[in-house]
Structures are given as structure tokens and as C-alpha cells.
């Protein structure tokens, strides 16, 4: 066995984030990035009419509570309807007035609205988090988290802390050094009036996204329990937040992998999130996690890369074929897991997914077609003769033609590697049926000849060598 089976470490090891962080947030927790409408501009222009009286009232010894409440309500309503005008808020130092308001123990409604502005808007963007953190508000927010009297404010409070944890470098460790994560778990376990599942998931994900010292890793292990519950809930947003959180933890701290496995989290993912009935957004997120945790782990691959998984994937692909980019990612993730162990190609051949790959290679959109062809070429690099026989019996050379004529260096190299292996095995075994199959490809010599002129030296040299092999074969 050569290293050709692992021809693309980028393909196998990819760890890029597939979705934007803000897309996981509830609507009211998101910083809107839509184009400004004329009606938005009008409402935003009127914001100083609320900023100024709010600030003036807070300076008085006996402020008018009705004015304060009215101003806060108007600001919140504007923000719910318009993009967050951060610069305008900064021009009037609104965060300072919000700080005063919270410190002065105003009415519950006023404090709630102030925290909504901080949590859902300021802390939805890095610049806003920096302002809140540098103004000293962060310590106040953590203190509020510890006080049972502040339970009515927990949703925006959690939103604020989640943003600060994510956007302020090192704050995740400050948060853990104060054992604030223990309070998060306590509130998750005991706060039943208005469940905090979404907010808890946001904070845990923020904690796990950043780099963290090994001394704080143990504090994150108990957070796997609520994350496991979120997976079992089968709610799309909660499940995806949970899976993304643990994926970030694993990527940033590979040494924590045994704890993740021992917690039962991986089994929950496999049983609850990787079935044919699973909502597709959960399925694709779970599959990407499986790809990461199985990387370079043959035992895990053999445990979880099963015909049942591939059957579920085929069904998911069939019902979600219109999601072109996401289906492409599913094919990449499955191929990446397969690349960990050549023997896994037999699992593919023995499953409906094998037929799905060929079907998509012929009928799907171009980007899906190419990924299917790439996976099939990787299967050739196992050098298993019976695997290659199965491929040839399913018109593999049609896929090879698409890979070799595609304007992409990596794809060309994968195709050339597969063809070279087929020719090497033929030269050793003199398989008559292989010779007939290769000679029947009228396009092959011309395509390889074109690749000899490729600017990529590696492609050109490989094509030159293969052209010589083909010339001998066609002359026989």
C-alpha cells in the first residue's frame, strides 16, 4: 500500500467553519446586515430624540421614570425594525447611560430593555463587545448572573456574555476562572419558567470556540451534559449549536477527544442526528462533526462509517438534491472519512451510496458531479483489484473523463493518480477485460496529451508518463 490513498490531506482534514456564527442566533440576538431602507434611515435619524432625554433624566436627582421608560421602549422598537446603527449609539455614548440605568436599579422593565440593547445589539458585533467590555460593564454582567433576583433578565444577559466571550480574546478564561460556567449549568438545571436552552447553548459554544489553556479544559467537560441533551432534543437550532460547539472544542483541543467519546456524546450524535429521518440541517452538521472526530482514527471510522450511515446519506441526498452546496459538503465529508482506511471502500461498495455516487456523477449539477467523481477516483487508489472491478463495471471511465477534463489541478492529479494505478495493476496482472475497457475510451489519449501541456509541472510529468504507458497498451 502506498500513500496514494491519502492523496489529498486538505480533502480529508478540512476544518473550515461552514456557517456564520450570527446565523445561529435568534432573530432578536442578531446584528442585521441588510441594506438600509429609507424608512430605516428615518427612524434612525430620530434616535437622538430618545437618546438625549434619556441621558438628561439620568443626570437628575429625581428622574422622571415615565420619560426613561418611554425612551428605552422607543430605542428597542427602533432596533427591532432597523439595522443596528452602532456609530450613532457611540456618538451619544448610549452605553454609559445604560450602565448608569442598570446600576441605579431602575424598574424591572427598564433594566430588561437596557440589557436587550446591550445583549442583542452591542454584543452582536466585535466593536460593540469591545465598548461594553472596556467600559467595565462585563464585571457587572457576571455579578448579575450570580444573583437570583436577576432571573427575569437572563436571556439578554446570556446573549451579552456569549458575545463578549466570543469577541474578546482571553475572556473565556476569565469567565471560567470565576467559575461562571457552574452558574450557567445551575441556571440551566433550575430555571424552568422560561427555558434558557438556546442562550445556554450560545454561551457554551462561545466558550468552546476560542483558544483555551489546558488548565481550564476540565471546566468544560461538565458542559457536555447539557450539550448532549440539546442533541437529544432534536430541535434544529439547539442540535446544531451543540454539535458546532463540541466540534470547535475538539478542533482547538484534540486531547479532549477521549472525554467527548466517554461522555456518550458521539453515540448520541450517531443515533439521533445521522439517520434518514433527521432534519437535513442537523444531519449535515453532525456528519461534519463525525468527519472531524474520525480523522486519523481507524477504530472510530470502522465503528461509525457503516452501511446504515451511507444508506441514510443516500436518502438525505435524494430528498435534498436542490441544496447543491450542502450536498457537495456531504459527499466531501463521507469521502474524507473513507480516506482514513482503504477497507472502508468495501462499505461504500456494499451500500446504496455506491449507486448514488454514480447516479450523481451522471445527472447532478456540475459541482456535485465533480465531488462524486473525485470520491470514486480515491477508491481506485486503494489498489484493491475487486474494488476497481466494481468501479469499471459501473462506467467509471465516464467519471474519470470528467475529472481529467476539469480545469482544476487537484482534480486532475486525483484522476491521473487513479489512471496510473489502473495501468500499473494491468501491467502486473495483464487483465484482458481491463485492457478492453481502457482501449474502448476513444477520448483518453487525446485528453492525456492535452494535460502534457499543462502549466503545472506535476500534472505535465504525470501525464507524460501515463501517455507512454497508454501508447504501449494501445499498440498491443
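The values are calculated or read from the model by the stated rules, or taken from the named source; none is laboratory data. The structure displayed is predicted, hence computed values, not measured ones. Ideal geometry is used to build each Cβ from the backbone, glycine not excepted, and the neighbour counts take in all protein chains shown.
Below is a table of values for the structure above.
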quantity	calculated
So residue 454, is it closer than 18 Å to residue 349 by Cα and in a loop (DSSP other than H, G, I, E, B)	no
Some residue of segment 329-339 being out of contact with any helix residue (DSSP H, G or I) (no Cβ under 9 Å at 6 or more places or on another chain) and more than 21 Å from residue 276 (Cβ to Cβ)	no
Selection status of residue 278, outside any helix (DSSP H, G or I) and modelled with pLDDT of 95 or more	yes
Per-region count, segment 79-94, residues closer than 19 Å to residue 68 by Cα and assigned to a loop (DSSP other than H, G, I, E, B)	2
Which numbered condition residue 93 misses (of (1) touching a helix residue (DSSP H, G or I) at 6+ places or on another chain (Cβ under 7 Å); (2) farther than 16 Å from residue 196 by Cα; (3) at pLDDT 95 or above)	(1)
Residue in segment 345-358 that is under 24 Å from the mean Cα position of the chain (by Cα) and within 20 Å of residue 291 (Cα to Cα) present	yes
All positions within segment 81-90 that are modelled with pLDDT of 95 or more and surrounded by fewer than 19 Cβ atoms within 10 Å (Cβ to Cβ)	86, 87, 88, 90
Yes/no for residue 306 being within 23 Å of residue 400 (Cα to Cα) and surrounded by fewer than 22 Cβ atoms within 10 Å (Cβ to Cβ)	no
Looking only at segment 437-467, and only at residues there that are more than 42 Å from the chain's Cα centre (by Cα) and exposed (fewer than 10 other Cβ atoms within 10 Å of the Cβ), the one that is farthest from residue 412 (Cα to Cα)	440
Lone qualifier among 254, 279 - being closer than 30 Å to residue 199 by Cβ, surrounded by fewer than 17 Cβ atoms within 10 Å (Cβ to Cβ) and touching a residue at least 12 places away in the same chain (Cβ under 8 Å)	279
Matching residues, segment 55-113, being more than 20 Å from residue 155 (Cα to Cα) and under 35 Å from the mean Cα position of the chain (by Cα)	82, 83, 85, 86, 87, 88, 89, 90, 94
Odd one out for residue 236 among (1) over 17 Å from the mean Cα position of the chain (by Cα); (2) more than 20 Å from residue 120 (Cβ to Cβ); (3) loosely packed, with under 15 Cβ neighbours inside 10 Å	(1)
Hey, residue 100 out of contact with any strand residue (DSSP E or B) (no Cβ under 8 Å at 6 or more places or on another chain), closer than 23 Å to residue 151 by Cβ and assigned to a loop (DSSP other than H, G, I, E, B) or not	no
Residue selected from segment 360-418 under the condition within 28 Å of the chain's Cα centre (by Cα) and not in a helix (DSSP H, G or I), by the criterion farthest from residue 338 (Cα to Cα)	407
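Each row is one residue, and each column tells you yes or no for (1) in contact with a strand residue (DSSP E or B) (Cβ under 7 Å, 6 or more places away or on another chain); (2) in a loop (DSSP other than H, G, I, E, B); (3) within 17 Å of residue 389 (Cβ to Cβ); (4) free of Cβ contacts under 8 Å to residues at least 12 places away in the same chain.
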residue: 442; (1), (2), (3), (4): no, yes, no, yes
residue: 445; (1), (2), (3), (4): no, no, no, no
residue: 458; (1), (2), (3), (4): no, no, no, no
residue: 461; (1), (2), (3), (4): no, no, no, yes
residue: 464; (1), (2), (3), (4): no, no, no, no
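Table: residues versus (1) without any contact (Cβ under 8 Å) to a residue 24 or more places away in the chain; (2) farther than 18 Å from residue 241 by Cα; (3) surrounded by 21 or more Cβ atoms within 10 Å (Cβ to Cβ).
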| residue | (1), (2), (3) |
| --- | --- |
| 139 | yes, yes, no |
| 149 | yes, yes, no |
| 158 | no, no, yes |
| 161 | no, no, yes |
| 172 | no, no, yes |
| 175 | no, yes, yes |
| 187 | no, yes, no |
| 201 | no, no, yes |
| 216 | no, yes, no |
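Per-residue answers, yes or no, for (1) modelled with pLDDT of 95 or more; (2) within 26 Å of residue 274 (Cα to Cα); (3) in contact with a strand residue (DSSP E or B) (Cβ under 6 Å, 6 or more places away or on another chain); (4) surrounded by fewer than 18 Cβ atoms within 10 Å (Cβ to Cβ):
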site: 318; (1), (2), (3), (4): yes, yes, no, yes
site: 327; (1), (2), (3), (4): yes, yes, no, no
site: 357; (1), (2), (3), (4): yes, yes, no, no
site: 360; (1), (2), (3), (4): yes, yes, no, no
site: 365; (1), (2), (3), (4): no, yes, no, yes
site: 377; (1), (2), (3), (4): yes, yes, no, no
site: 393; (1), (2), (3), (4): no, no, no, yes
site: 418; (1), (2), (3), (4): yes, no, no, no
